[in-house]
Amino acid sequence: MIPNVHSDRRTASYPRSAIDQAGFHQADTACPIAAHIFESAYWSAHSAVKGADLLHAGEQALYVLSRSPGHHAFADLAGGFCFFNNTGIAAERLLAAGHRPAILDVDLHHGNGTQGIFYERSDVLTVSIHVDPIRFYPFYWGHAQERGEGAGLGYNLNLPLPRGTGDDDYLKTIKTAFAHIRALGTDVLVIALGLDPFEKDPLKGLAVTTPGFARIGEAIAKFGLPTLLVQEGGYLSEELG
Ligand SMILES: [Zn+2]
């Protein structure tokens, strides 16, 4: 199902027909509902929950191959191939277990769903490094001035980068992110691991090289917190594997 109407600016009028409800809960046309989507998205989220549980049990670093991805999904709004917000759900699980999680989103695209879920909250810090959304999906979110609201003010940090940014400037930016995360007293890290900042990604947003990814990984390891890496985006190219 792909709706022909999307109610991005919602009112309290909840529609009654299936196609309009779909439009109410789907931000764009990149999240069609087909057979088995629910099952797939449900178990994808459960993979992240399992990772959160293992982290809580004492694992230091874990990678979760979640499919479908999650970071464009809001609490009640799918978008950009995402239906359930896997990292957000994992963070909730860690929070319930007594942790103080931060979500660091390194996907090429801004993690707008994650930002939306925690925007008015101070208990889960959200940080996203991404290509400047002024001319890039998700367009309407991800700007530096979006810092959270109410109790959440200061607990959302967006670090947009100019198109074509390479390893060195990316590494500098991740240090800024870590300084912010450290200052707010986080004890577990959830990484929304998009691999689409890759220089040979067909979307051509950023220009992180394979050794660059290794340096990013090293920086994350050096940061020293128990870390759950949850797969987000990354598009077809010969070198991606
Ligand atoms: Zn992406």
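A few remarks follow.
- Among complete DSSP H helices in the chain, those whose alpha-carbon atoms stretch at least 27 Å along the helix's long axis and whose mean Kyte-Doolittle hydropathy reaches -0.5 are 37-56.
- Within the accessible area of segment 39-186 (1.4 Å probe), percent carbon and sulfur: 57 percent
- Among A96, A45, A22, the largest mean-square fluctuation in a Gaussian network model of the chain, built with springs joining Cα atoms closer than 10 Å, belongs to A96.
- Cα-projected label distance for H143 with Y63, points at 7 Å along beta-carbon direction, nm: 3.7 nm
- The sum of -39500 (n - 2.57) across all DSSP H runs of n ≥ 4, divided by the residue count of the chain, sets its helix-only mean residue ellipticity at 222 nm to -10000 deg cm²/dmol.
- Counting only DSSP beta bridges whose two residues both lie in segment 18-231, roughly 5 percent are antiparallel.
- Our coupling estimate for segment 121-129, obtained by passing each phi through the Karplus curve with A = 6.51, B = -1.76, C = 1.60 and θ = phi - 60°, is 10, 10, 8, 10, 7, 10, 10, 9, 10 Hz, Gly and Pro reported as x.
- Contour minus Cα-Cα distance for A221 and R10 (0.36 nm per residue): 71.8 nm
- Compactness index (Cα Rg / 2.2 N^0.38 Å), segment 86-211: 1.01
- Remark: segment 91-241 carries 43 Å² of accessible area per residue (probe radius 1.4 Å; ligands, DNA and RNA excluded).
- Potential extension, T210-A183 segment - 0.36 nm per residue separation minus Cα distance: 6.8 nm
- By the Kirkwood approach, averaging reciprocal distances over each pair of separate Cα atoms, segment 71-115 gets a hydrodynamic radius of 10.8 Å.
- In terms of accessible area, using a 1.4 Å probe and ignoring ligands and nucleic acids, K222, K204 rank largest first as K222, K204.
- In the complete set of protein chains, residue-level accessible area for R100 is approximately 80 Å², probe 1.4 angstrom.
- Evaluated with a Cβ-only charge set (Lys, Arg +1; Asp, Glu -1), segment 18-231 carries a dipole of roughly 400 debye about its Cα centre, given to the nearest 20.
- Here segment 155-219 is treated as an ellipsoid with the same Cα gyration tensor; its semi-axes, largest first and in whole Å, are 22, 12, 11.
- Modelled label positions at F38 and D76, each set 7 Å beyond Cα in the direction of Cβ, lie 1.8 nm from each other.
- Projected onto planes of every orientation and averaged, the convex hull of the alpha-carbon atoms in the chain covers 12.9 nm².
- When E232, E120 are compared by accessible area of protein heavy atoms, the largest-first order is E120, E232, using a 1.4 Å probe.
- Rounded to the nearest Hz, the phi-derived 3J(HN,Hα) couplings of segment 142-158 under the Karplus curve 6.51 cos²θ - 1.76 cosθ + 1.60 (θ = phi - 60°) are x, 7, 4, 6, 7, 10, x, 9, x, 4, x, 4, x, 9, 10, 10, 10, where x marks glycine and proline.
- Projecting the Cα atoms of H71, A12, V208 onto the charge dipole of the chain, computed from C-beta unit charges around the Cα centre, puts A12 farthest toward the positive end.
The values are calculated or read from the model by the stated rules, or taken from the named source; none is laboratory data. Since the structure is predicted, the reported quantities are computational estimates derived from the model, not experimental observations. Because the Cβ atoms are built from the backbone with ideal geometry, glycine has one as well, and the counts that use them run over all protein chains shown. Protein only, heavy atoms only, side chains kept; ligands, DNA and RNA dropped before computing areas. Shrake-Rupley method; radii C 1.70, N 1.55, O 1.52, S 1.80 Å.
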